[in-house]
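Working notes, structure below.
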Amino acid sequence: MKKILVMLLCCIITVGAYASKPVSLGVRTGWAYSNLKFKEGGFTKSANGFNLGAFLRANVKKIYIEPAINYAFMKGASEDAAKVNYIQVPVMVGYNLVSIKDVKLRGFVGPEFDFLAKETKKVLNGDLNTVSWYGKVGVGIDVWKITCDLDYKFALSKTGDGVEKGKGVNLTIGFKIF
């Protein structure tokens with residue numbers, strides 16, 4: 001995990017050095033939904049939760065890079081469902097589609113690395129991997145210092161033993177500090 005954080009810091013410094021506009025630093029929170037399909041029986045389990053984190057966005061003309069770090073809390077729908085917490089490190093590359101005064105419409109894509117932080121109950125008969133790789137694609141809108149993102153994520157690696165690849169949706173709202 002230390003290597004990932006060092007790589008993230010290097011990305012932030014490198015992009016920040018080439019940015020033609022100010023670098024934005026902000027905080028965000030939002031709703032998270034995930035869906036895991038199990039090999040045994042072929043059934044699907046879903047979980048809802050929320051995430052809380054910080055992001056840094058560096059612009060190079062219409063293109064930007066946005067590394068972030070989030071803590072996600074997930075819980076299944078039933079009372080005896082698993083509770084799982086993750087540290088998520090997405091690194092998005094985006095394009096400002098529309099930019100009118102204080103309003104920007106953006107599209108983005110990139111990888112996300114999920115590190116299993118805590119699992120209070122096992123996810124059925126499967127064991128989750130401590131690290132999972134996801135791809136993300138989404139859209140966002142910025143109005144003044146408020147930012148809102150909607151993204152779809154899909155597993156690029158095996159999610160766990162007895163668990164097929166997962167997928168999910170996140171809806172976040174944030175505030176750019178500077």
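The values are calculated or read from the model by the stated rules, or taken from the named source; none is laboratory data. These numbers come from a predicted model, not from an experiment. Glycine also receives a Cβ, built like all others from the backbone with ideal geometry; neighbour counts cover every protein chain displayed. To get the accessible areas, we keep the full protein, side chains included, count just its heavy atoms, and leave off ligands, DNA and RNA. Shrake-Rupley method; radii C 1.70, N 1.55, O 1.52, S 1.80 Å.
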Residue, farthest from L105 (Cα to Cα), within the stretch 156-178, restricted to residues that are surrounded by fewer than 21 Cβ atoms within 10 Å (Cβ to Cβ) and among the hydrophobic types (A, V, I, L, M, F, W, C): L156
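I need a count of the residues in the stretch 65-86 that are out of contact with any Asp or Glu (no Cβ under 7 Å at 6 or more places or on another chain) and buried (at least 20 other Cβ atoms within 10 Å of the Cβ). Step through it out loud before you land on a result.
Here is the first cut: in the stretch 65-86, the ones out of contact with any Asp or Glu (no Cβ under 7 Å at 6 or more places or on another chain) are 65-81, 83, 85.
Still in the list and also buried (at least 20 other Cβ atoms within 10 Å of the Cβ): 65-68, 70, 72, 74, 76.
Of the residues in that region, 8 qualify.
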The stretch 12-66, subset more than 24 Å from A117 (Cα to Cα) and hydroxyl-bearing (S, T, Y), residue modelled with the highest pLDDT: Y64
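Kindly provide the set of residues from the stretch 87-104 that are open to solvent by 20 Å² or more (accessible area, probe 1.4 Å) and of a type in the set (G, A, S), ordered by number. Before you say what the answer is, go through the steps one by one.
Restricting attention to the stretch 87-104, the residues satisfying the condition of being open to solvent by 20 Å² or more (accessible area, probe 1.4 Å) are 87, 91, 93, 95, 97-104.
If the condition is that a residue be open to solvent by 20 Å² or more (accessible area, probe 1.4 Å) and of a type in the set (G, A, S), then S99 is the only one that fits.
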Checking G140 against (1) open to solvent by less than 50 Å² (accessible area, probe 1.4 Å); (2) in contact with a Cys (Cβ under 8 Å, 6 or more places away or on another chain); (3) without any contact (Cβ under 8 Å) to a residue 40 or more places away in the chain, the condition it does not meet: (3)
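Counting just the residues of the stretch 105-137 that are touching a Ser or Thr at 6+ places or on another chain (Cβ under 7 Å) and either open to solvent by less than 50 Å² (accessible area, probe 1.4 Å) or modelled with pLDDT under 85 (or both), which one comes out nearest to P67 (Cα to Cα)?
Of all residues in the stretch 105-137, those touching a Ser or Thr at 6+ places or on another chain (Cβ under 7 Å) come to 114-116, 128-129, 132-133.
Filter once more, so that each one left must be either open to solvent by less than 50 Å² (accessible area, probe 1.4 Å) or modelled with pLDDT under 85 (or both): 114-116, 128-129, 132.
Values: D114: 13, F115: 15, L116: 19, L128: 24, N129: 23, S132: 17 Å.
If we take residues in the stretch 105-137 being touching a Ser or Thr at 6+ places or on another chain (Cβ under 7 Å) and either open to solvent by less than 50 Å² (accessible area, probe 1.4 Å) or modelled with pLDDT under 85 (or both), then D114 is nearest to P67 (Cα to Cα).
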